[in-house]
Amino acid sequence: MKEFLTRLSQEEISKEEIPSEFTSLVEELHRKKILKEKFGKYKFDSRYRAGVIDISSTGTGFVNTLANSHKKDLLVEANETKNANRGDLVIVRKLHSKNGRPKAKVVFIAKRLNPTSIVYTKLQQKRVVGINIKTELTQEITATQKSLKQLPPNTVLKIDNETGAILEVLGVLDDPKVDEKISLAIYNKEEFFSSEAELEAKAHGTVVDKSFYSQRVDLTHLPFCTIDPNDAKDFDDAIYFDKENYALYVAIADVSEYLFDMGHIDKEAKKRGFSIYFPHKSIPMLPRTLSEGICSLKPNELRLAFTFKITLDKESLKPIKEELFDSIILSKRRFTYDEIDNYLEGNTKDADKTDKEILDFLLPLHVVTNKLRKIRLKDAFNFRTSEIRMKLNSNQELVETTLESETDSHALIEDCMLLANKAASKRLDYGVFRTHGEPSYDKIEKLLSDLLYVGIDVRFRPDLPSLIREIQQKADVLNLREDVDKLIIKAQQKAIYEEINKGHFGLGFSSYTHFTSPIRRYSDLMLHRLLKADLRGDKKRKKFLLKDIEDICKRVSDLERESDRVAWDFMDRKFARWADKHNGENFKAIITDTSSKNIIAKIDDTIKGARVFLLDEDAELFERVVVKLIESNIATGKIWAKVVKKQDV
C-alpha cells in the first residue's frame with residue numbers, strides 16, 4: 001500500500017491502473033474528498049498528504065510525507081492524531097500555521113503498522129489508561145472505568161488498535177510467566193494451533209508402515225544418527241557416512257509428505273514461517289504431533305526422509321555425484337553435542353555396541369569434515385561467536401546464564417548440512433535461495449573507523465575476504481577476536497531468501513539454499529516441494545509452486561527477523577527482571593556499542609549477556625568497566641546503569 005500511495009501522491013492514476021486490492025481504498029478516499037477525480041484519473045487534493053507518522057513521548061505526531069520525503073515533517077498535535085500509532089500509514093490535512101511550522105491533522109488511517117498493541121493498565125488522574133509496552137505512550141482502552149478499575153494494577157492487555165477494544169487479558173506485569181505471552185503478542189505470534197490444524201496433524205498417526213512406501217529407497221539397514229542440543233525435541237536431520245565409498249548420506253525429515261497445499265497446517269506454518277525458541281520451551285512452526293512426532297527422526301522409529309547421497313572424491317573432497325531421493329530410514333541413536341564431543345576427544349572406551357557401530361563411520365567423517373572446513377575457509381569466514389543460554393526456574397525467573405560456543409560436534413554437523421544445502425541449490429535455476437551480498441563501502445568504512453579506537457588499523461582494499469581476515473588476525477593479537485567478529489557481522493548485509501541465486505558472500509558459495517530444516521523453517525519446506533516437482537518432471541506443479549515465489553521469499557525473510565526479535569525480546573525481559581532485584585549493585589561489563597543514542601554495555605559477570613543502557617556520555621568501545629545498576633523497566637525490558645570504575649585488564 002505504501003508504494004501505491006507514494007505513486008498516487010506524485011502523479012495521477014487512471015481507474016484502469018488501480019490494482020484491484022486498492023479499489024475500495026480509492027473509492028473511500030474519493031468519497032471523503034481526499035482524492036479528486038477528473039477525466040477518469042485520480043490524484044490527491046492539494047490540501048491532503050499521505051505519510052508515515054511517528055509519535056513522540058508527549059503524544060505529538062510527526063508525519064514524513066510520501067510525496068516530498070525530503071521536506072520537513074508535518075507536526076500533528078496530540079489531540080489531532082486520530083489515535084494513530086507510531087509507524088502507521090496515514091492521510092493528513094494540512095493546517096494553516098502562523099508560526100511557520102507546517103502542521104496537519106490526521107483524517108484517515110490507511111494502514112496500521114500493527115493491528116494490535118500490548119499495554120498495561122495504570123491509574124492516571126483517577127482514570128485507568130493503557131501504557132503501550134513498546135512505545136511507553138498512553139493509549140485509551142474502550143471499556144468502562146468501572147470494569148477497568150476492577151482489574152489488578154499493571155494488568156497486561158492486548159487491544160485492537162482500530163477500536164481500542166480489549167482482545168485478550170495476558171496476565172499481570174509482576175508475574176514472570178507473562179513475559180512469553182508479551183513477547184509473542186507484540187509480534188502477533190500464536191503459540192497454539194487451530195483445532196482444524198491439530199486434527200489434520202493427528203490424522204497422520206504416530207507410526208510409519210514401511211509396506212505403504214515400497215517406492216522409496218529403503219535405507220533402514222544403515223546406522224543413521226542425529227546430533228542435536230541437549231534439550232532438542234524435534235530432530236530433522238540424520239547422517240550416515242559410507243567410509244569405503246566416501247558417500248555421505250544426509251537424511252532430512254520429509255515434512256512435505258504430511259502437509260497438504262493450502263491445508264490448515266500449511267496455512268498456519270506459512271503464517272508462522274519459523275519455530276521460535278525460548279530458554280524453557282519452543283513455539284513450533286508445525287503442530288507438535290508432527291514436529292515432535294511422526295516427522296521427527298527419532299531413534300529406533302521408522303521415518304520418511306528426503307535424502308541426499310553425496311559422493312566425494314577421496315583426494316580433493318569435491319562432490320563427484322549428488323543423488324536426491326525419497327527414502328525411509330531408521331535412526332539408531334540420538335546423540336547430544338556433548339556426547340559426540342566426548343567421543344571426538346578420544347573417550348570411546350565405554351561406548352556400547354550401537355555407539356561403536358556409529359563411531360566406526362563418525363570418527364572418519366570427522367576427519368573428512370575437518371579437511372572440508374579448511375578448504376571452505378579459504379574463501380569464507382570463520383566467526384568466533386558464542387550464544388547466551390538462559391536457565392530459568394519453575395517460576396520462569398532467570399537463575400543462570402552460560403555461554404555456548406561452537407565445538408567439534410557442531411562443526412561436524414554444520415559441514416554435512418552445508419554440503420546438502422549447496423547440493424540442493426544446484427538443482428534449481430529459480431526458486432528459493434539463501435543469498436548474502438557483500439557489505440557496502442560505507443559499512444566497511446565505518447567498521448574500519450570503529451576499529452581504530454581499539455588499536456586495529458587496517459587500510460581499505462576491494463578484496464574484502466582478505467581485508468576481513470587481516471582484521472581478524474590483528475584482533476587475535478589483541479585478544480578481541482570474538483568482539484571484533486561481532487562488529488564485522490554487524491557491518492555485513494543480512495542473509496535473506498530470494499527467488500534468484502545471487503551467491504552467499506559469508507560462506508564463499510556461488511550458490512546456496514536452505515534444505516535441512518523443514519520442521520522449523522518454511523523456506524526449507526518450500527524448497528522440498530520444488531525439488532520433488534523437479535525430480536518427478538511435474539512442470540504444472542512446479543509452475544504452481546513458483547507462482548508467487550518472489551512474495552513468499554520476501555515474506556519468509558521478514559518472518560525470520562520477527563522470530564529472532566521475539567526471542568531477543570523475551571531474553572531482555574528476563575534480564576530486566578533479574579536486574580530489578582539487583583538495582584544498586586555493581587557488575588563487570590564490556591562496552592559493546594558507542595554509536596547509539598545511549599552507550600550500550602553487556603554484563604559479563606555472574607550473569608552474562610544482559611544489555612544495559614549507560615547514563616554516561618563517554619566510554620570507549622570494548623572497554624571493560626564496572627557498572628552500577630540504576631533502574632530496570634520490566635515493561636520495556638530496558639536496564640539503565642552508570643559506570644563506577646574502569647576494570648583493571
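No value in this document is a laboratory result; all are computed from the given coordinates. Quick caveat, the model's predicted, so the values are computed rather than measured. Ideal geometry is used to build each Cβ from the backbone, glycine not excepted, and the neighbour counts take in all protein chains shown.
Brief remarks follow.
- Look at the alpha carbon pairs under 8 Å that are at least 6 residues apart: their mean separation over the length of the stretch 72-183 gives a relative contact order of 19 percent.
- Over 31 Å between alpha carbons, listed pairs 181/494; 43/540; 38/98; 105/547; 189/210; 321/443: 43/540; 38/98; 105/547; 189/210; 321/443
- Qualifying aspartates and glutamates (Cα of each under 16 Å from Cα of residue 332; at least 8 residues distant if same chain): 218, 228, 234, 236, 237, 242, 301, 352, 355, 357, 360
- Restricting the stretch 1-106 to GluC sites (Glu not before Pro) in coil, as DSSP defines it, with at most 16 other Cβ within 10 Å: 11, 12, 77
- Where the Cα pairs of the stretch 161-271 fall when distances are cut into 5 Å bins, in %: 2, 7, 11, 14, 15, 15, 12, 8, 7, 4, 3, 2, 1, 0
- The convex hull of the Cα atoms of the stretch 5-116, projected and averaged over all directions, covers 7.6 nm².
- Split the chain at each of the chymotrypsin sites (Phe, Trp or Tyr not before Pro) in a DSSP loop with at most 14 other beta carbon atoms within 10 Å, and the longest piece is 461-649.
- Sites listed here are trypsin sites (Lys or Arg not before Pro) in the stretch 312-367 whose DSSP assignment is loop and whose Cβ has at most 15 other Cβ atoms within 10 Å: 314, 349.
- For residue 452 and residue 247, the difference between the fully extended length at 0.36 nm per residue and the C-alpha to C-alpha distance is 69.0 nm.
- Cα-based shape type of the stretch 337-401, given that a ≥ b ≥ c are square roots of the gyration tensor eigenvalues and the cut on a/c is 1.5: oblate
- Net charge of Cβ neighbours under 12 Å - reference residue 323; Lys, Arg +1; Asp, Glu -1: +1
- Lysine pairs in the stretch 116-174 with Cα atoms under 19 Å, if 8 or more residues apart or on separate chains: 9
- C-alpha center-to-center spacing [the stretch 261-337, the stretch 171-228] in angstrom: 11 Å
- Multiplying the residue separation of residue 38 and residue 349 by 0.36 nm and removing their Cα-Cα distance gives an extension gain of 103.3 nm.
- Sites listed here are GluC sites (Glu not before Pro) in the stretch 508-586 whose DSSP assignment is loop and whose Cβ has at most 16 other Cβ atoms within 10 Å: 585.
- Note on residue 12 and residue 125: with the Förster distance fixed at 51 Å, the Cβ-Cβ geometry gives a FRET efficiency of about 0.55.
- Set of lysines near residue 588 by C-alpha distance (under 19 Å), chain-local residues within fewer than 8 positions excluded: 574, 602, 608, 628, 638, 642, 645, 646
- Normalised per residue, the volume of the convex hull around the Cα set of the stretch 398-441 (Å³): 190 Å³
- Our helix-only sum for the chain, with -39,500 (n - 2.57) per DSSP H run of n ≥ 4 divided by its residues, gives a mean residue ellipticity at 222 nm of -9000 deg cm²/dmol.
- Overall, the ratio between the Cα radius of gyration of the stretch 582-646 and 2.2 N^0.38 Å, rounded to two decimals, is 0.97.
- Listed from fewest to most Cβ neighbours within 10 Å, the set 422, 588, 210 follows the order 210, 588, 422.
- Neighbours of residue 94, meaning other residues whose beta-carbon lies under 11 angstrom from its beta-carbon, give a summed charge of +4 when Lys and Arg score +1 and Asp and Glu score -1.
- Rounded to two decimals, the Cα radius of gyration of the stretch 116-174 over 2.2 N^0.38 Å is 0.96.
- Percent RCO, i.e. relative contact order, over the chain, from Cα pairs under 8 Å lying at least 6 residues apart: 9 percent
- Cα gyration tensor category, rounded, prolate or oblate, for the chain with a/c compared to 1.5: prolate
- Shape category assigned to the stretch 66-121 from the gyration tensor of Cα positions, a/c cut at 1.5: prolate
- Distance from the alpha carbon centroid of the stretch 1-28 to that of the stretch 576-645 works out to 48 angstrom.
- Under 5 Å between amide hydrogens, built in the peptide plane, is the criterion, and for residue 208 it picks out 302 among residues at least 5 positions away or on other chains.
- Phi angles across the stretch 271-281 convert, under the Karplus curve 6.51 cos²θ - 1.76 cosθ + 1.60 with θ = phi - 60°, into 3J(HN,Hα) values of 5, 6, x, 8, 6, 10, 10, 9, x, 10, 6 Hz, Gly and Pro given as x.
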